[in-house]
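Single-structure report; data block below.
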Amino acid sequence: MTFDTSTIFSVFFYAFAGLLVISALRVITARNPVHAALFLVLAFFCASGLWMLLKAEFLSLALILVYVGAVMVLFLFVVMMLDLDLEHLRRDFKKYLPVAFLMGAVIVLELSIVLIRSFIGTSSPVQPMLEESTMSNTKALGMLIFVDYVYAFEVAGVILLVAIIAAVALTLRNRKDAKAQNVAEQINVKASDRMRIVKMDTDMAAKQDARGEKK
């Protein structure tokens, strides 16, 4: 029994796609946030495998190095170190469920429009690279990002910058229960602020010594 290249490609594709769907479902259904983060790492690995099958080696390796190697590891350690109140998070689950369904329906509708416009009525939805092109897919991706879609790329960068500034501003708000150190006050401290000399009368010292002897 012989297997051609297309059969092996189909086997790996359906294997990665099936694991990706299962791990993505487990991300939102797992009760433990650490387990959810681990399933998200598995989903990233499966997506990386799919991109590798599509001959997008740069995107595949970037997904592993950036998201799995940096972002998800950092997120996993933060989740493990934080003492999350899971009961408080699950208490308001039903309250925000209609909003979640609405947002999910909007996302499904948007993806459906993209898929219908891209795949329905076309014999070749994915346009392959020209055979005579000698550039690698990394160079081709760079040409698309920094030449053809440079303005969209810059707008996305500005939006991400605004999101980072907003996240920092939200975490730096003044709260009563927040504990922070003032470096300027620590540097400008004086000896009189650290130590206090108390003068005691002779009679009071004698009484304290007498009490200590009685004990």
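Before moving on, here are some points about what is shown:
- For the stretch 8-84, the solvent-accessible area with a 1.4 angstrom probe is 67 square angstrom per residue.
- Solvent-accessible area of the stretch 8-84 (1.4 angstrom probe, protein heavy atoms only): carbon and sulfur portion equals 80 percent.
- Ranked by the mean number of other Cβ atoms within 10 Å of their residues, highest first, the peptides 59-72, 183-196 come out as 59-72, 183-196.
- Relative to the current alpha-carbon distance between ALA152 and SER6, full extension at 0.36 nm per residue lengthens the span by 49.0 nm.
- Take the Cβ atoms of LEU65 and GLU185, set R0 to 45 Å, and the FRET efficiency comes out at 0.60.
- Across the stretch 10-27, computed HN-Hα scalar couplings (Karplus, 6.51 cos²θ - 1.76 cosθ + 1.60, θ = phi - 60°) run 5, 4, 5, 5, 5, 5, 5, 5, x, 5, 5, 5, 5, 5, 5, 5, 5, 4 Hz from first to last residue, x flagging Gly and Pro.
- With each label modelled as a point 7 angstrom along the Cα→C-beta vector, the LEU141-LEU25 pair spans 3.0 nm.
- Neighbours of ASN32, meaning other residues whose beta-carbon lies under 13 angstrom from its beta-carbon, give a summed charge of +3 when Lys and Arg score +1 and Asp and Glu score -1.
- For the stretch 8-84, the Kirkwood estimate of hydrodynamic radius, built from reciprocal distances between every pair of different alpha carbons, is 13.0 Å.
The values are calculated or read from the model by the stated rules, or taken from the named source; none is laboratory data. The model shown is predicted, which means the values in this text are computed figures rather than measured ones. Using ideal geometry, Cβ is built from the backbone for each residue, glycine included, and neighbour counts are taken over all protein chains shown. Side chains included, ligands, DNA and RNA excluded: accessible areas come from the protein's heavy atoms. Shrake-Rupley method; radii C 1.70, N 1.55, O 1.52, S 1.80 Å.
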